[in-house]
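Read-outs: derived from the displayed coordinates by stated rules, not from any lab. Given the structure is predicted, the values throughout are model-derived calculations rather than measurements. All Cβ positions, glycine included, derive from the backbone under ideal geometry; neighbour counts span all protein chains shown.
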Amino acid sequence: MHPVFRSLRSRRWPAVLALGITSTTALAYVGGSPVAMTGAPGDASCAMCHTTHALNSGEGTLRFINAPYTYTPGQKHTFWVELEDVGLSRWGFQLTALDRSGHGLGSLSGGSEDSTQVIVAYGREYLDQRYLGSCGGEETGPVQWRVEWTAPPSGGGPVTFYVAGLTANNDAIAVGDYTYTGQWTADEGAAVPLADEEYLP
């Protein structure tokens, strides 16, 4: 886990929600989700396939850690997505960064090519887990994925990071799992990173 944590709620940025999702569809996507499943405007969510539980109905927690309140144009900003859920043991996430019009903003990369991947679709970049990044067998968590976002040149305006998280029972099918969605917005300006955890309940 990241070394310093503080839980807080933000009135300005909608919280990340616990959501349940499961389904009778065949195999879970442990090597990476289908694109456009972040819950962002125009996207679906993992609940489309994982239908056992309603979206955001679980008791797990999805967090942004060290996400910036503001960003510096042209610079790389690093933060983490963290997910935990008692008793679950397979993990997934997907994240995209959009401007106020819903277009992709800046560029995304992950901490390791073995654990995360970037897919470009519909004019957006999507960062999600690969097989090793699904951390199979790591019960309850928390698990973390590193996010590196390079801001656009000056004039990009606010960026909103939309994220979906999946907590699964590791049975290789989309049944009995839970999903969570949330978002975080940063304004353009001199970077002001969080020193500790931003909890989105």
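Things worth noting here:
- Mean Cα-pair separation over length for segment 31-185, i.e. relative contact order, pairs under 8 Å, 6 or more apart, %: 34
- Here segment 117-167 is treated as a sphere whose radius is the Kirkwood value from Cα pairs; by Stokes-Einstein at 20 °C and 1.002 mPa s it diffuses with a coefficient of 158 µm²/s.
- Working note: Karplus 6.51/-1.76/1.60 with θ = phi - 60° gives segment 85-96 the couplings 6, 4, x, 8, 9, 9, 9, x, 8, 8, 9, 9 Hz, where Gly and Pro are set to x.
- For segment 107-201, the ratio of Cα radius of gyration to the globular rule of thumb 2.2 N^0.38 Å stands at 1.23.
- Charge dipole (debye, nearest 20) of segment 17-199; +1 at Cβ of Lys and Arg, -1 at Cβ of Asp and Glu: 420
- In the frame of its principal axes, segment 17-199 has Cα extents of 46, 32, 29 Å, reported largest first.
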